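In what follows, a single structure is set out as structure tokens and then discussed.
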Amino acid sequence: MRKLLNILYLSIFLIPSSFLSPYLHAENTEQPICRFGIPPWQKGRSLNDIKTAYQPMLNWLTQQTNCRFIAVGATSYEHLVEQLVTGKVHLAELGPITYLRATQKNPDIRSLATLLIWNIEKTALTDSYFGYILTLKKHTTINSLEDLKNKSFGFVDLESTSGYVYPNALLREKGIDYKSFFGKTYFLGSHPNITDAIVAESIVAGATWQPNFLKAIKKHGDIFKILLQIPAIPNGCVAAHPSLPENIQIQLRQILPNIDPNLLEKAETKGFAIRPDNFYAGIRKIFLQEQNQ
């Protein structure tokens, strides 16, 4: 009997940690692997291009911690949320709506650092951004949202904050139900797809966010007309699954705000800042209203 108890004790308490947590160790290395989920809002580039853009940051994080950071792509916003909620990735860069949706599905997910991006003048980093509903300047008879009646319109994705949730909330405030107001509505999957479709005139107007608006001007020229500027939206964040050890989470909160901006040159994110969870109180209210529709 005692021999049996000893065997049970060993089987319970000496199971390798890799079987108890998604925080796995790589083969042939002493460093544990930390999988970092990459958002799909840069679908204008290949997945390999996106991973390459984040690699300098991930290499730096590997040097600063006892973990080896690797990039994991997502096919959609929903896919990225699912990966973080289930622990298939330990960290993910999330937009504000995807962060709120992830915490709703797994309340133990925690924001570690809020993302920073350039302001519209590119003079300072900011923790919030604007969204826009755009058309082309050449459409001289379209100068307001009302002029889009029965026209074709593009959203990004149902999970996109500035590409759907916020603009749709503002449309509802103006008494506009996009399902019956627009002639046709498309969900194009990424922000660059929205501005490219506007330029190609496969849609008349669409919703996008500030970084893509600036890139679209650089790519296509100053040809866009702003029909609606969406009020400042809090940036997304780097969020952690509870399987990531607490000491690593604390360390990341300490070091991310001090990252060299040159390591983020090709990434959408340009820096990090620490913000409390109530920083997302306003967008959380809109998120809950959207769910009740």
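What are the residues in the stretch 107-138 that are under 17 Å from the mean Cα position of the chain (by Cα) and over 20 Å from Pro231 (Cβ atoms), if any? The answer is Ile109, Arg110, Ser111, Leu112, Ala113. State yes or no: is Thr123 in a loop (DSSP other than H, G, I, E, B) and either at pLDDT below 95 or out of contact with any His (no Cβ under 9 Å at 6 or more places or on another chain) (or both)? The answer is yes for Thr123. Of the candidates Gly154, Gly163, the single residue that is under 30 Å from His79 (Cβ atoms) and part of a strand (DSSP E or B) is Gly154.
Within the stretch 93-113, restricting attention to residues that are more than 15 Å from Arg284 (Cα to Cα) and touching a Cys at 6+ places or on another chain (Cβ under 9 Å), the residue that is surrounded by the fewest Cβ atoms within 10 Å (Cβ to Cβ) is Leu112.
Screening Leu61 on (1) touching a helix residue (DSSP H, G or I) at 6+ places or on another chain (Cβ under 7 Å); (2) touching a residue at least 40 places away in the same chain (Cβ under 8 Å) shows it passes everything except condition (1).
Conditions (1) surrounded by fewer than 20 Cβ atoms within 10 Å (Cβ to Cβ); (2) more than 18 Å from Leu214 (Cβ to Cβ); (3) at pLDDT 95 or above, marked per residue:
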| residue | (1), (2), (3) |
| --- | --- |
| His139 | yes, yes, yes |
| Ser144 | yes, yes, yes |
| Lys149 | yes, yes, yes |
| Ser152 | yes, yes, yes |
| Asp157 | no, yes, no |
| Leu170 | yes, yes, no |
| Gly175 | yes, yes, no |
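Looking at the stretch 215-293, what strands (runs of 3 or more DSSP E) fall wholly within it and have at least 2 residues that are surrounded by fewer than 17 Cβ atoms within 10 Å (Cβ to Cβ) and not small (Gly, Ala, Ser)? Let's see the steps before the verdict.
Working: elements: 224-234, 237-240, 271-273.
So the answer is 224-234.
Name the helices (runs of 4 or more DSSP H) wholly inside the stretch 1-94 in which the number of residues that are within 25 Å of Ile109 (Cα to Cα) and modelled with pLDDT of 80 or more is 3 or more.
On the way: elements: 2-13, 47-64, 77-85.
Helices (runs of 4 or more DSSP H) meeting the threshold: 47-64, 77-85.
How about the stretch 265-293: which of its residues are modelled with pLDDT of 95 or more and of a type in the set (A, V, I, L, M)? Hits for the stretch 265-293 are Ala273, Ile274. When we screen Ala200, Ala216, Ala207 for residues that are out of contact with any Pro (no Cβ under 9 Å at 6 or more places or on another chain) and of a type outside the set (Lys, Arg), the only hit is Ala200. Residues in the stretch 225-265 that are touching a helix residue (DSSP H, G or I) at 6+ places or on another chain (Cβ under 8 Å), farther than 30 Å from Ile198 by Cβ and among the β-branched types (Val, Ile, Thr): Val238, Ile255, Ile259.
The values are calculated or read from the model by the stated rules, or taken from the named source; none is laboratory data. Being a predicted model, the structure only gives us computed values, none of them experimental. Because the Cβ atoms are built from the backbone with ideal geometry, glycine has one as well, and the counts that use them run over all protein chains shown.
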